[in-house]
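One structure below.
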Amino acid sequence: MNTSVAPHWRHAVVTGGAGFVGSHLCAALLDHGTDVTCVDDLSTGAQENIAPFLGSPGFTFQRASACQPLNVERPVDLVLHFASPASPADYLRLPLHTLETGSLGTRNALALARTHEARFILASTSEVYGDPQQHPQSEDYWGNVNPVGPRSVYDEAKRFGEALTTAEAGENGTDTGIVRLFNTYGPRMRGHDGRAVPTFVRQALAGEPLTVTGDGRQTRSLCYVDDTVRGILAAAASDLRGPVNLGNPVEITMLELAELVVELADSRSTVRFIERPTDDPAVRCPDITLARGKLQWEPGITAREGLGRTIGWFRRRLAA
Ligand SMILES: NC(=O)c1ccc[n+]([C@@H]2O[C@H](COP(=O)([O-])OP(=O)(O)OC[C@H]3O[C@@H](n4cnc5c(N)ncnc54)[C@H](O)[C@@H]3O)[C@@H](O)[C@H]2O)c1
């Protein structure tokens, strides 16, 4: 981590810290010398993700739900609220839990920040833009979301979380920020979580066909997790209320992604086209002008490099 970014945090609380992004945040904060309390109910995360820090003196793990009031006695200067199922497979399996975590969980995490007069960051998502009619998406676009579609449990929970965070800052003066993460990938994703990168990597390494939905022309922008974490911590270190987009503005079609994974994994897998899920967005690409200007942030890791690292991690896990 850039040490000029976060000189002052002594103790941070990371909800969802045993998940994919959360565990990378815990690692970056610990590296920087910030003590971390990770609050996670392990509903979609894994203790394995935080195993490397469990013995560290600066790291505490509370197995608890953010839907219950959070109980942290030590002074806290930063609350990163990352608890929430994030992959479609998870939030479709856990619809009420997802809504409760986005609403009650966000309320409890905000209350913790208010009590400790800590900086608060909400992990929001590009899903607040739904199936966008503006491309690329800038923060002032309000989105095109189906409030009763299958994805609504996630999209609307995050939209509500943004509204709650904004109201908390306005009514109680809590120091809040909102980051809208676009697709992030990297080590510690689960091969079966349903997201494109881990699915393709798992299939390519197993020599199975890569299952591309629709005709594969729908686009995503993929940000390597180290870049995302750097952006989140830059937002936390700033006084920006946001929302601010954090994502890689380089767009790639799902078919191009599948072909790149096959090449980098040195695999003989072919591509198999399957049905596209309901309300799956056709395009997704962040406008990161705000993050560039206010946070001096932009991604630095190319898809080729990030996918190479991710494939290496999956390969080592399979060999272990
Ligand atoms: N990975 C991405 O591409 C992406 C994109 C946009 C937004 N986000 C946001 O980033 C955050 C982390 O996503 P991720 O990809 O790491 O997902 P993940 O599923 O790997 O991690 C989420 C973590 O939250 C925990 N959790 C869920 N509900 C909880 C609750 N009620 N109380 C305590 N812990 C709970 C889970 O056990 C898990 O460890 C989420 O808020 C997600 O919406 C991620």
(request) Read through the list (1) in a helix (DSSP H, G or I); (2) in contact with a Leu (Cβ under 6 Å, 6 or more places away or on another chain); (3) near the ligand (Cβ under 9 Å from one of its atoms); (4) not charged (D, E, K, R), then give the number of the only condition that T106 fails. (result) (3)
(request) Within segment 43-71, track down each residue that is of a type in the set (A, V, I, L, M, F, W, C) and more than 18 Å from L104 (Cβ to Cβ). (result) A46, I50, A51, F53, L54, F59, F61
(request) Might you check whether a residue that is polar (S, T, N, Q), in contact (Cβ under 8 Å) with a residue 60 or more places away in the chain, farther than 24 Å from D227 by Cβ and surrounded by fewer than 18 Cβ atoms within 10 Å (Cβ to Cβ) occurs anywhere in segment 94-107? (result) yes
(request) Determine which member of the set R304, R241 is out of contact with any His (no Cβ under 8 Å at 6 or more places or on another chain) and under 30 Å from T34 (Cβ atoms). (result) R241
(request) May I ask you to list pairs of residues, at least six apart or on different chains, whose Cβ atoms are under 8 Å apart, with the first in segment 48-68 being closer than 16 Å to G19 by Cβ and the second being assigned to a loop (DSSP other than H, G, I, E, B) and of a type in the set (D, E)? (result) R63/D41; A64/D41; S65/D41; A66/D41
(request) Would you mind stating whether Y154 is outside any strand (DSSP E or B), under 18 Å from T278 (Cβ atoms) and of a type in the set (F, W, Y)? (result) yes
(message) I'd like the residue in segment 131-149 that is in contact (Cβ under 8 Å) with a residue 60 or more places away in the chain and within 20 Å of the chain's Cα centre (by Cα) and, out of all such residues, is farthest from E251 (Cα to Cα).
(response) E139
(message) For segment 240-252: of the residues being at pLDDT below 95 and out of contact with any Cys (no Cβ under 8 Å at 6 or more places or on another chain), which is farthest from C26 (Cα to Cα)?
(response) I252
(request) Of all residues in segment 278-310, count the ones that are under 30 Å from S152 (Cβ atoms), at pLDDT 95 or above and either among the β-branched types (V, I, T) or surrounded by fewer than 17 Cβ atoms within 10 Å (Cβ to Cβ) (or both). (result) 3
(request) Please specify each residue of segment 21-45 satisfying the condition of being polar (S, T, N, Q) and within 15 Å of the ligand (Cβ to nearest atom). (result) S23, T37, S43, T44
(request) Could you please let me know if W313 is part of a loop (DSSP other than H, G, I, E, B), among the aromatic types (F, W, Y) and at pLDDT 95 or above? (result) no
(message) Restricting to segment 115-156, name every residue that is within 29 Å of P75 (Cα to Cα) and either within 13 Å of the ligand (Cβ to nearest atom) or crowded, with 17+ Cβ neighbours inside 10 Å (or both).
(response) H116, A118, R119, F120, I121, L122, A123, S124, T125
(message) List pairs: first residue in segment 175-188 and among the small types (G, A, S), second residue near the ligand (Cβ under 9 Å from one of its atoms) anywhere in the structure, Cβ distance under 8 angstrom, at least six positions apart or on different chains.
(response) G177/L122; G186/F20; G186/H24; G186/V225
(request) Kindly indicate whether any position in segment 216-231 is among the aromatic types (F, W, Y) and under 29 Å from A319 (Cβ atoms). (result) yes
(request) Please verify whether segment 87-103 includes one or more residues that are touching a Leu at 6+ places or on another chain (Cβ under 6 Å) and either more than 7 Å from the ligand (Cβ to nearest atom) or of a type outside the set (V, I, T) (or both). (result) no
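The values are calculated or read from the model by the stated rules, or taken from the named source; none is laboratory data. This is a predicted model, so every value here is computed, not measured. Virtual Cβ from ideal backbone geometry, glycine too; neighbours counted across all protein chains shown.
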